[in-house]
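I have placed the structure first, in the form of structure tokens, so that the comments after it can refer back to it.
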Amino acid sequence: MAYKNFKLVIYCSAGFLKNVELETLEKDLEFFQRYLDISKVYLETHRGADTVPREKMLRIKEFFERQNIKTSGGITATVVFGNEELDYYRIFNTFCYTNQKHLEKLKEIVQYTASLFDEIILDDFFFTACTCPSCIRAKGNLSWSEFRLNLTALS
């Protein structure tokens, strides 16, 4: 079953991949493939407190590639450090882009994901709503919109 003008892509979250057994993944994929022709899968390496260990991710990636399903990486740019004072100023556990500890963690996540995949998609949580004292100082006279757009610009 191949679609002529349509490609179907699925996204597997880090929490699911971290906990799923390969046998379960095989059964789930077998079920999906009865009804859908999956062309590609985004395998999320990180979300919040969940990061999929390298060896497990390599096994999962290999599993999909054996099924002739292309693989790419996915990242949800959220982080949980636990008992961090900064948590008070953020919603949805998004990163604070003026916090060096957060920037180092994000860099580590991106480097890890890039070491596994040639293509990476950033989940729609690539934003910030942080209002910590550091962000307020860095914002200066800009509006919050201007500040956040500048802060998260990919250029």
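The values are calculated or read from the model by the stated rules, or taken from the named source; none is laboratory data. Please read these numbers as outputs of a predicted model, since none were measured by experiment. Glycine gets a Cβ as well: all are built from the backbone with ideal geometry, and neighbour counts include every protein chain shown. To get the accessible areas, we keep the full protein, side chains included, count just its heavy atoms, and leave off ligands, DNA and RNA. Shrake-Rupley method; radii C 1.70, N 1.55, O 1.52, S 1.80 Å.
When K56, K40, K7 are checked against the criterion of being within 23 Å of K105 (Cβ to Cβ) and either touching a Ser or Thr at 6+ places or on another chain (Cβ under 8 Å) or open to solvent by less than 70 Å² (accessible area, probe 1.4 Å) (or both), a single residue qualifies: K56. Of the set (1) under 16 Å from F126 (Cα atoms); (2) in a loop (DSSP other than H, G, I, E, B); (3) open to solvent by less than 70 Å² (accessible area, probe 1.4 Å), all apply to T78 but (2). The single condition from (1) open to solvent by 80 Å² or more (accessible area, probe 1.4 Å); (2) more than 24 Å from F126 (Cβ to Cβ) that Q67 fails is (1).
Exactly one condition in (1) open to solvent by 60 Å² or more (accessible area, probe 1.4 Å); (2) of a type in the set (V, I, T); (3) more than 13 Å from the chain's Cα centre (by Cα) is false for V20; which is it? Failed condition: (1). Identification of helices (runs of 4 or more DSSP H) wholly contained in region 87-154 with 3 or more residues that are hydrophobic (A, V, I, L, M, F, W, C) and in contact with a Pro (Cβ under 9 Å, 6 or more places away or on another chain) yields no element. For E108, the criteria (1) within 30 Å of N150 (Cβ to Cβ); (2) at pLDDT 95 or above; (3) surrounded by 13 or more Cβ atoms within 10 Å (Cβ to Cβ); (4) not hydroxyl-bearing (S, T, Y) hold in every case but one, which is (3).
For the residues S13, S72, the requirement of being modelled with pLDDT of 95 or more, within 30 Å of C135 (Cα to Cα) and surrounded by 13 or more Cβ atoms within 10 Å (Cβ to Cβ) singles out S13. Quick check on my filter: what residues within region 23-36 are within 29 Å of V80 (Cβ to Cβ) and either at pLDDT below 95 or surrounded by 15 or more Cβ atoms within 10 Å (Cβ to Cβ) (or both)? Selection gives L25, D28.
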